[in-house]
Every structure is written in C-alpha cells, then in structure tokens.
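Written out below as structure tokens is the structure these notes cover.
The values are calculated or read from the model by the stated rules, or taken from the named source; none is laboratory data. This one's a predicted model, so the numbers in the text were calculated from it and none came from an experiment. Note that we place each Cβ from the backbone using ideal geometry, even for glycine, and neighbour counts take in every protein chain shown. Quick note on the areas: whole protein, heavy atoms, side chains included, nothing else; ligands and nucleic acids left out. Shrake-Rupley method; radii C 1.70, N 1.55, O 1.52, S 1.80 Å.
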Amino acid sequence: MLPMESLKNPRKLHATNVVLILVLAFFSTKHVYGRNFHHRIKGRHHHHHIGGYFPYSAVRCRAHTASLIDFGGVGDGKTSNTKAFQTAIDHLGQYGARGGGSLLYVPPGRYLTGSFNLTSHFTLFLHRDAVLLATQNENEWPVIAPLPSYGRGRDADGGRYISLIFGTNLTDVIVTGNNGTIDGQGQIWWDKYRGKQLTITRPYLIEIMFSKNIQISNLTLINSPSWNIHPIYSINIIIQGITILAPTRSPNTDGINPDSCINTRIEDCYIVSGDDCIAVKSGWDQYGIAFGMPTRQLLIRRLTCISPTSAVIALGSEMSGGIQDVRAEDILAIDSESAVRIKTAVGRGGYVKDIYVKRFTMRTMKWVFWMTGNYKEHADDKWDRSAIPIIQNINYRDMVAENVTMAGRLEGISGDPFTGICISNVTIGMANAPKKYIWNCTNVDGISSGVTPQPCSALPVQGGKTCDYPPHKLPIEFVRLHSCFYRANYM
C-alpha cells in the first residue's frame, strides 16, 4: 500500500515503479465468473441480460451478490430506501475481499434515498431501468467537515452535506451498471444557491476520498445539486462510459472533478453541464498549499462536452497542491465557452505544468485558448500574497475549431509570466462577428507553428515544430476490465 504521505510528496510520487506495482495488483484478477460467462455470451450485446444474467465490465468480478429488494428496497419513487441501502452494504461488507468481494444489485424501479456509504471490495450495480432519486429531505443528508485542502465549504463557511454516494478510506470499490440513472433532483438546491439561502455546501452525487482502486462506469447522472463525480485524495481511478446531464444554466454542476488524485483515466464520457465538464483540482489557497497533494498522471480521452458558460477541461482554479502530467486527446467540444482553461491567481501557489492536448475538435466556441492569472476567488482573507503559481510547459497540437469568437486570451501574472506554451497545427475558423482582437496575450511566453489565424507576438512562429505529447503510457492505461455477470432474481 502506498502511504498517503508519499502521495502528497511530489518527489516520492516520481517513483513510478511503486505506482506501477500498485496498478498491476489492481488489475491482476482471476475470477472465473466473468471469464466463463464471457465465453457463454460471446457475440451477444454486452448490455442486454440473457436468461436473467446481466453482463458488465469491471476490474474485479464479485463472488457474493444480493439485491436491494432482499433488504427491504422499494422502487415506488416515494418510499425512503436510505436504510435499505446502508443495511445491504453493511451486510455485504462482512465478506471483505473473500472470493473477490460482493455486489449489490439495484433492480428496475425508482428508489428514493438519502446518502449512504460504500465499503471496500464492493460493487454497486444499477439495472438500466433503475433510478436512484436523491431525497429532498435535508435530514437524510448528514453534514461533514470541510475538505482539509479547502478549509471551508465551496458554497458557505463551515461544513458540507455528504454526497449521495460516499466512501472514504476504501480499497477496490466499483459503482457501475448498464446505464442505470442517478437523479440528484437538484432544482431545490439550485434555487437555494441563487437565493443565497445556503449555510452548508450542497452535496455532490458521488464522492470517494482517501481511497485506491476505484471504478465508476456505465451510468447516467442527471440534475446534480452541485458537482457530479468527485474523487479526491485517491489513487488508481477509472471513470468510463458516463453520461452527465444538467441544464446549461444550473450552478456549479461540474461533470467530473479529479482532485488531488494520482493515476486516473477518464474516457468515453458525454457531459452537458452548467459548469466545467471536467475540472482538475488540488486544493484552495493556503489550505491546498499546506495539504500539498497534487493531481498527477491524468488521462482524459474520447470526451464529448457541451458547456456554453464554462470550459471543456479546466485546470484550477483550486490548484494549490499542484497539477502535473495531464493528457487530453480525442475531445469533441460543442457550444462551449473554452477548450482547456487554466485558472489561477496570486495566492494560489502550486503549479500547473506538463500539460499535453491533442486531437481536439470544437464547434461554436467563445475562446479556444484561455489562461487566467487573475482568478480572484479566495477561500478567505488569510491567503498568502507571496504564493505565486508556476505555469509552464503547456502543449496544444492537432486542433480544429469553427465559429469561434476569439482565438486566444492568454493572461499570465505580471512579473511571473506563464512560460513554455506551445501551439502547433491548429486551425481556427472565426465567427461572422469575431472580437476586435482575435488574440490577446499578456505576461506569457512560448512558440507556435502552423497556427491559423497567426497568434500574438508572444508566441513567435517556429516553423516545423510539433508540440510535445508523451510517447509512453501512464500506469492506469495498462488496467483492463474483465467480463463479469450478475444473475438477477428480481426482473
């Protein structure tokens, strides 16, 4: 096991061999259930049940299974299932890792529930016609302490409502299904936020913290009160095949927010959001600096994003623990504010470096490139005026955009410019009524090659240059999912 203190130390984190050993252990499963079943159903559609058997893909298959109905679950959309969920999970948790762990099946129905806690060596599986409805009864949302790297709640000082699906200090946990739905019923929370009625920070849909070996896949999440998926202080994470839907004007409904996490893979997701589709974070101002745990080794690929008021991928603004080695490829952005946005400010400290983006297609954008060194939202008035963030080695290549209002708005910090920016092989088609200045660059330094329209003088042309993208894979890319199955007694 990799100690959490080691995760927080960038020099220790550089020991890739240690991480690779952990990852190899993560995916070295030998459960005959999935493999035998795979041969029986070969050639059939993966997400359809066959004779009561439900196939699914997972890092680990489970030997012990049960249905929520066994524990009093009622899918009528009115009866509270909070106790049923927690009783079922506590019961299955007794098996631990024996036989590969346990699985809780949620059959078709609409299950009203408050927050419940996951356990280790456990899979929560939602049938495609199962809907979890987040309760609007605040008494079923316990209040927990602020995150240590934030120092306070995001909506208000003090505590925060626990997430609908929550876990901490876990090993080997999977939340999956064949596209079952989690409905946050967020309207009541959005109204309270807009009306400045909140004294406690809104809940998220899924949050897993201080954990390792996590899979979240093949689900639809709608109408979250705030952020949708929030892995934090964790290692070895796969988020795959997720659909996230929220009104494009809903407040802070970020899609997926990896936060102080290491070795993460996000792929094949479709997100419509009122905020950033993916926001990469690592703590806020002095609290994030003191906690000191970066987000590193993150791969984002095959993402489709619609976010008219925010970024497809945001780096920050809470980045005080550092963000490094982020790779994004094969991204489609439609009607979004910006592609990859770096958000930081004096007082954040930390760093954003070694960022690599390629094969990005954009249709209707306000900005393609946006970097902000003056994002002034601080946790409190105790932020350190001498904590200057470092932004360096930012690489974009092989990108195409159409109907763009402004190609680039790159604003570093006076006296501490953003450096090592590289943009190559990028074609931007401007809108019929673009901004007066197509590029605006201040306190930045870098190069460009094969970029249309021609960038600002801070990015001089260096002919023939191809911006970097690492040739080696991250450890999480070697993780492969197995074909598993669950036999349902309740159809």
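Points worth noting:
- Neighbours by Cβ (under 6 Å, 6+ apart or cross-chain): first from the stretch 181-203, free of Cβ contacts under 8 Å to residues at least 60 places away in the same chain; second β-branched (Val, Ile, Thr): Thr181/Val131; Thr181/Thr220; Asp183/Val131; Asp183/Ile222; Ile200/Val143
- Lone qualifier among Ala279, Ala290 - being among the small types (Gly, Ala, Ser) and closer than 23 Å to Leu221 by Cα: Ala279
- Take the conditions (1) open to solvent by 20 Å² or more (accessible area, probe 1.4 Å); (2) outside any strand (DSSP E or B); (3) in contact with a Leu (Cβ under 9 Å, 6 or more places away or on another chain); Ser163 misses just one of them, which is (1).
- Taking residues in the stretch 214-240 that are touching a residue at least 60 places away in the same chain (Cβ under 8 Å) and under 18 Å from Thr168 (Cβ atoms), and partners anywhere that are assigned to a strand (DSSP E or B) and among the basic types (Lys, Arg), the pairs with Cβ atoms closer than 6 Å and at least 6 places apart or on different chains are Ile235/Lys212; Asn236/Lys212.
- The residue pairs whose first member lies in the stretch 52-66 and is in contact (Cβ under 8 Å) with a residue 40 or more places away in the chain and polar (S, T, N, Q), whose second member is open to solvent by 10 Å² or more (accessible area, probe 1.4 Å) and part of a loop (DSSP other than H, G, I, E, B), and whose beta carbons are closer than 7 Å, counting only pairs six or more residues apart or on different chains, are Ser57/Leu481.
- Looking only at the stretch 429-452, residues that are open to solvent by less than 50 Å² (accessible area, probe 1.4 Å) and more than 9 Å from Met406 (Cα to Cα) come to 8 in all.
- Taking (1) open to solvent by 70 Å² or more (accessible area, probe 1.4 Å); (2) among the charged types (D, E, K, R); (3) at pLDDT 95 or above in turn, Asp380 satisfies each apart from (1).
- Index of the failed condition, Ser424 passing every other in (1) of a type in the set (Gly, Ala, Ser); (2) within 23 Å of Thr466 (Cα to Cα); (3) open to solvent by 30 Å² or more (accessible area, probe 1.4 Å): (3)
- Restricted to the stretch 263-278, and to residues there that are of a type outside the set (A, V, I, L, M) and in contact with a Pro (Cβ under 8 Å, 6 or more places away or on another chain), the residue that is most open to solvent (accessible area, probe 1.4 Å) is Asp275.
- Lone qualifier among Arg265, Arg348 - being modelled with pLDDT of 95 or more and in a strand (DSSP E or B): Arg265
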